[in-house]
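The values are calculated or read from the model by the stated rules, or taken from the named source; none is laboratory data. Quantities reported herein were computed from a predicted structural model and do not represent experimental measurements. Virtual Cβ from ideal backbone geometry, glycine too; neighbours counted across all protein chains shown. Areas reflect the complete protein model, heavy atoms only, side chains present, ligands, DNA and RNA absent. Shrake-Rupley method; radii C 1.70, N 1.55, O 1.52, S 1.80 Å.
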There are 4 protein chains.
Amino acid sequence: MTIKEKIPVGILGVTGSVGRQFLRLLADHPWFHLAAAGASHRSAGKTIATAVADEDFPEHIANMRIVPCVPGEAMPCRIVFSGLDSSVAGDIESEFARAGYIVISNSRNHRYDPDVPLMIPEVNPDHLELITSQNFGAGCIITNPNCSTTGLVLTLKPLYDVFGVEAVHVTTLQAVSGAGYPGLPAIDMIDNVLPYIAGEEDKLEREPLKILGDLKNGAINPATITLSAHCTRVPVSDGHLECVSVKLTRTTTEKEIIDCWQNFRAKPQELDLPTAPQQPLHYFADERLPQPRRQRHLEAGMAVSIGRLRPCALLDFKFVVLSHNTIRGAAGGAVLNAELLAAQKPSLF
Amino acid sequence: MTIKEKIPVGILGVTGSVGRQFLRLLADHPWFHLAAAGASHRSAGKTIATAVADEDFPEHIANMRIVPCVPGEAMPCRIVFSGLDSSVAGDIESEFARAGYIVISNSRNHRYDPDVPLMIPEVNPDHLELITSQNFGAGCIITNPNCSTTGLVLTLKPLYDVFGVEAVHVTTLQAVSGAGYPGLPAIDMIDNVLPYIAGEEDKLEREPLKILGDLKNGAINPATITLSAHCTRVPVSDGHLECVSVKLTRTTTEKEIIDCWQNFRAKPQELDLPTAPQQPLHYFADERLPQPRRQRHLEAGMAVSIGRLRPCALLDFKFVVLSHNTIRGAAGGAVLNAELLAAQKPSLF
Amino acid sequence: MTIKEKIPVGILGVTGSVGRQFLRLLADHPWFHLAAAGASHRSAGKTIATAVADEDFPEHIANMRIVPCVPGEAMPCRIVFSGLDSSVAGDIESEFARAGYIVISNSRNHRYDPDVPLMIPEVNPDHLELITSQNFGAGCIITNPNCSTTGLVLTLKPLYDVFGVEAVHVTTLQAVSGAGYPGLPAIDMIDNVLPYIAGEEDKLEREPLKILGDLKNGAINPATITLSAHCTRVPVSDGHLECVSVKLTRTTTEKEIIDCWQNFRAKPQELDLPTAPQQPLHYFADERLPQPRRQRHLEAGMAVSIGRLRPCALLDFKFVVLSHNTIRGAAGGAVLNAELLAAQKPSLF
Amino acid sequence: MTIKEKIPVGILGVTGSVGRQFLRLLADHPWFHLAAAGASHRSAGKTIATAVADEDFPEHIANMRIVPCVPGEAMPCRIVFSGLDSSVAGDIESEFARAGYIVISNSRNHRYDPDVPLMIPEVNPDHLELITSQNFGAGCIITNPNCSTTGLVLTLKPLYDVFGVEAVHVTTLQAVSGAGYPGLPAIDMIDNVLPYIAGEEDKLEREPLKILGDLKNGAINPATITLSAHCTRVPVSDGHLECVSVKLTRTTTEKEIIDCWQNFRAKPQELDLPTAPQQPLHYFADERLPQPRRQRHLEAGMAVSIGRLRPCALLDFKFVVLSHNTIRGAAGGAVLNAELLAAQKPSLF
């Protein structure tokens, strides 16, 4: 595809940690052409190379000049990817949508708006239809879930469809990159773990219900799963590990569950979306796996690794899930959402 | 107390990581006098200073010559503290007990023997009576539980007595010192966590039932609690953190539970044992606590820290527990067992 | 000593990381009574317990109410210990000195003032006389050096006196606590080291020359040593390790140097100052030592550990130095300065 | 090139940490075809997948059956890459050379043999001629230097040629992967650094002299540089950082030196060897760089990163060097040696 044929896209919050991941993923994207990079007034006017130090971007990206996050001529694009901080994301994203932009957001502000899809393309691509209920004219907002939610829900999805999921207990061991930059003080993460991440358990207990919910008559009917989450922070750079116990509706075996995961393919694989992993879920028979440093980069950080499936004395089964929090759980998930939209709704472009 | 009046004690496996902790705790103990240090034939004949490098012991300890782990004249003591590896602990401990020694063991081998107390002095001091059923003559064996069990059971004990405990879900984030020395490869613990610790979940699901069990007619009737454990390893030197959910028999409030923990005192406090913490359980209102590096040394590593009590959507309540794995969870727990014995059964000495 | 007889002292910048160390060291000091705690207007009015969370102070400290850093009735003390940030320390410290307070500062602002002692009590206690040249009336300012300077200069001092030191090459591996709180981002210190610490090499190349200088006719004649420093940051919480090469004036042997270090005692030991280590310099024959986690707490963090003395192909000898950066290298060094002053100049109190 | 046309190669010590890197680099090499994998008798008979767990190799590699390290039919290859432990490497490598194999070794045993090239293809490709003096018939031995030597010597080479190098002082901060697997205990590398690496300083002070030496009349005349090394271990997985000071023969400027590094190209670049980096030395103007986690993977781990060039008060200049210790400093360096040989001596194949 020539640049002319590619869809022009922009980034909101390009200097933040999610914004930088967007840069990496969009620097050479087969469908999207990076046409604008927006950030706060403090960074506006600087080049990417200056504002986003320490990164090695192609020259046309490095020399791009940052603009303020304001709809209009300085942001000549059809899609904006938002990695904005939640303190400002809500209003700016709405403003862009009203101005006719397609807003693909990683921020939490609009996730629970009834007409905004909270979407993982392998899980609830049908929720895309919600955008037809939005009142933004040519614009719309599509969100992806919190980094700790994505790995969990991707793993639950095939179980939910095939066996039914009634209850879930999850304890997370989350990487520090999830806290952004500068994020956590180094002195707190040396020879230490933190038993608390502000707001995280609420999101992890709430988001899966919307994502696994049914779209009926233009509204989401949330899934009825009892969910209890405990979130901790560990001295790992990237890759959230989650210890999960599930209660299923229907009796099954470990072999059936593993087959179910290994064979799971969905819309992004069917459509062969550029950022989609070949196999979304990989099960490891070696009980020492998955480990953050070993498996987080699986399929360019877009696949989820699972291991240690075994009976749970309290619920039915327990297992371990690992996913890359800043790729699959943030910028990569958002890019996949945009690719799904481009493939499913060509008329918008 | 003069040295003559102190009880002569020895260490089995003095060069291992638990053995070294025993050395630290016994080097200047008010009731016990370290009279012998045993290790494998490879170390026998060396001084402590040579065999246990890198430590700063008082001169009389540093110059002590290591002997083989054989009962008899070379081990002139009434009590032996065993930090032996489980590959050899079973037989050697039995041999010492048969020879008339009181064996205070941190190893797992005899923990499930029906007539061997698996003891935490604050939890089940009455189980000490089991030793009268042992067939070792003047000798006996007393064990303490696995490092991840101790913190959990201490925390459950007052809840169990006051409200009843029906089910427990626990996910551990365990320190590397629990794996002994050399233990885990450094390369596996940099920017990484491990989702699996061999044998650990079995111990953590089984030991609490014996410890919280009732002693009736000379036998333990195990507690009936449904327990599910998930054990992970994190890059922390000392201090096991555990995320716990509990289902209680009787309805209660967070305030009642916290009071119950804060006011918990037991036999070791009543007897004012030298190694006993003043307050076994400390609750922290700050939701960012407890953290391994900040709280593990609380009361010389013998107190357990608790935090983040809140409702659990699945069971009734959830919270976080931290305890020092090589002190409270190993050598310190064993020394406290010996102190309880000395205080409760003076006729043995 | 009763509280009435103790010298009333205050802290400037009590909420910072050095201020907290001052709190710990002064909470129960035999000569000093903590009478006031100052911080920015943002913290003023709060109690210590509220402003300095996560610490376990005695009740009378915890309930102390923080005041603004302004001389006068709210700071009823003879000495103020300053852990202020260098962005404000210069002016506030001068103001306190002018108001008649003895200012014991850990900040860098006044270190190079010609009439301000830059002092390590074991090294240049005679520099105390400089304060008689200061124009602050009853007040004065005394500073201690940068954390990486202290360990190095303490180690060089006996060599300088006995053999002469002509050149020094030093590479530091510095702990993250040296960067204050929040300090460095955690994500930068996981699986990483940083080759640069802003401003550090300048201090480390300059401060030793003043400290080892001669006081003559009321002025410091700096030492003439060629010094080259390279400073790096490593993922260690506390304890700066330094790899040092030295060129000496006089030929000597390794044995002579080690004896020289081991036997080094100075004014603080002679005066038996409360915070002084018994033996300022400890040499370790084991070539694997010193290590930050193993030796940093030696003599309550006030002693310096040395190891690996051997020939240097380029200069004469090389060795390794370890010292606790926030105790010996910051708050503890400052408290020792105050103790020296109190012992040497009783008329000031 | 079809497999038939590729040169058949084998690995000695395939289960070790260097052996695994060889596997990764040779699994899909354009010139070499992996025909055999050797290891100790303990591993012989197992498949690669079984013996080298946790890795994701292509099927034909995963299913390859390990053979003992014995020359002959079971090792049907022209080149063997040796990642053997030095306790056995010396004899086995000689045996293979005598049997007519070309031995490309990463072990230290033969490095100082007068007729064995100790080679970095960008630095001393002419030393290859030494193999004509070896008495192994069709076989020969070629070695690459220690991991900490490679980065240093690559950086010195252009300075040595253009300005002359008289003296070098180097302090290393080395990654734990350099210690092999299992290597260092995790407990020693949490919140800690080690001031000593057995044997490392000797290698780092000696190897550069042979590598930078002149080949004259079939013998190496070592370079005359005064070299002093101090080696430390830091909690980093991969990537050795080195703080270097140099004394040059000829006066120069920082700009000239940087240009000299940036423009440095050598035989591997000229021959466009498959594993050669495009630009062997990259200078970073940002004084916070290079950092292990950020730059170690530069040019697939085969380029060396340099930063912080500035004057040295003691010698002339100082700077920081970073190189990937298990790629450029071990297996990758060896593969590049083999590629140079294949390109320069086609008659051997």
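Assorted remarks:
- Cβ-vector label at 7 Å, C:Glu95, separations to other copies in nm: 3.9, 7.5, 8.0
- Reference-scaled alpha-carbon Rg (2.2 N^0.38 Å with N residues) for chain C: 0.96
- Per-residue packing, averaged as other Cβ atoms within 10 Å, sorts the ranges C:65-71, B:58-64 into the order C:65-71, B:58-64, beginning with the highest.
- Sites listed here are GluC sites (Glu not before Pro) in region C:281-349 whose DSSP assignment is loop and whose Cβ has at most 14 other Cβ atoms within 10 Å: C:Glu287.
- Mean separation of Cα contacts under 8 Å (6+ apart) over length of region B:44-86, as relative contact order %: 37
- Cβ nearest the rotation axis (A onto C), residue from chain A and distance to the nearest whole Å: A:Ala186, 2
- Inter-chain shielding of C:297-310 (mean C-beta neighbours from other protein chains, 10 Å cut-off): 1
- Considering only chain C, percent of DSSP beta bridges that pair antiparallel, nearest 5: 45
- A simple rule links phi to the HN-Hα coupling: the Karplus curve 6.51 cos²θ - 1.76 cosθ + 1.60 with θ = phi - 60°, which for region C:274-287 gives x, 8, 5, x, 4, 10, x, 10, 10, 9, 10, 6, 5, 5 Hz, with x for Gly and Pro.
- Using a 7 Å Cα-to-Cβ projection, D:Asn63 label spacings across copies, nm, ascending: 5.2, 6.9, 7.9
- Average Cα contact separation per residue, chain D, under 8 Å, 6 or more apart, as relative contact order %: 17
- Compactness relative to 2.2 N^0.38 Å, alpha carbon Rg of region B:158-224: 1.54
- Label point of C:Tyr112 (7 Å along Cα→beta-carbon): distances to the other copies' equivalent points are 4.7, 5.6, 7.1 nm, sorted ascending.
- Restricting region D:90-192 to trypsin sites (Lys or Arg not before Pro) in coil, as DSSP defines it, with at most 14 other Cβ within 10 Å: none
- Using a simple spin-label model with pseudo-atoms 7 Å out from Cα toward Cβ, A:Arg98 and D:Ser87 lie 7.4 nm apart.
- The charge dipole of the protein assembly as shown, taken about its Cα centre with unit charges on the Cβ atoms of Lys, Arg (+1), Asp and Glu (-1) only, comes to about 0 debye.
- Interface D-C: total buried accessible area of about 3800 Å², 1.4 Å probe, protein heavy atoms only.
- Peptide-level mean, for A:261-269, of C-beta atoms on other protein chains within 10 Å: 0
- Label-to-label distance, nm, for residues given as D:Arg310 and D:Thr252 (7 Å Cα→Cβ offset): 2.0
- Overall form of region C:26-82 per C-alpha gyration tensor (a/c, 1.5; a/b vs b/c): oblate
- Taken residue by residue and averaged, Cβ atoms of other chains lying within 10 Å of the Cβ of A:218-231 number 2.
- Three-way shape call for the protein assembly as shown based on the alpha-carbon gyration tensor, with the a/c threshold at 1.5: rounded
- Carbon plus sulfur fraction of accessible area for the protein assembly as shown, probe 1.4 Å, in percent: 49
- Of the chymotrypsin sites (Phe, Trp or Tyr not before Pro) found in region A:48-123, the ones in coil according to DSSP and having at most 14 other Cβ atoms within 10 Å of their Cβ are A:Tyr112.
- 18 Å cut-off, amide nitrogen to a point 7 angstrom out along A:Ser133 Cα→Cβ, residues in region A:222-246: A:222-224
- Residue by residue, region C:304-311 carries 3J(HN,Hα) couplings of 10, 9, 10, x, 6, 5, 6, x Hz when phi is fed to the Karplus relation 6.51 cos²θ - 1.76 cosθ + 1.60 (θ = phi - 60°); x denotes Gly or Pro.
- Net charge contributed by nearby residues that have their C-beta within less than 15 Å of C:Asp316 (K/R +1, D/E -1): +3
- Taking amide H positions as modeled 1.01 Å from N, with prolines and chain starts lacking one, the residues under 5 Å from A:His33 and 5 or more places away or on another chain are A:Ile7, A:Val9.
- Accessible area per residue for the protein assembly as shown, computed on protein heavy atoms with a 1.4 Å probe, is 35 Å².
- Other residues whose C-beta falls under 12 angstrom from the C-beta of D:Ile211 contribute a net charge of +1, scoring Lys and Arg +1 and Asp and Glu -1.
- Long pairs among D:Lys6/D:Lys210; C:Lys6/C:Lys157; D:Lys157/D:Lys345, criterion Cα-Cα beyond 26 Å: D:Lys6/D:Lys210; C:Lys6/C:Lys157
- Net charge of the neighbourhood of D:Ile11, taken over other residues with C-beta under 12 Å away and scored Lys/Arg +1, Asp/Glu -1, is +2.
- Shape class of region A:130-175 from the alpha-carbon gyration tensor: oblate, with a/c at 1.5 or above and b/c at least as large as a/b.
- In the protein assembly as shown, the DSSP beta bridges split such that about 45 percent are antiparallel, to the nearest 5.
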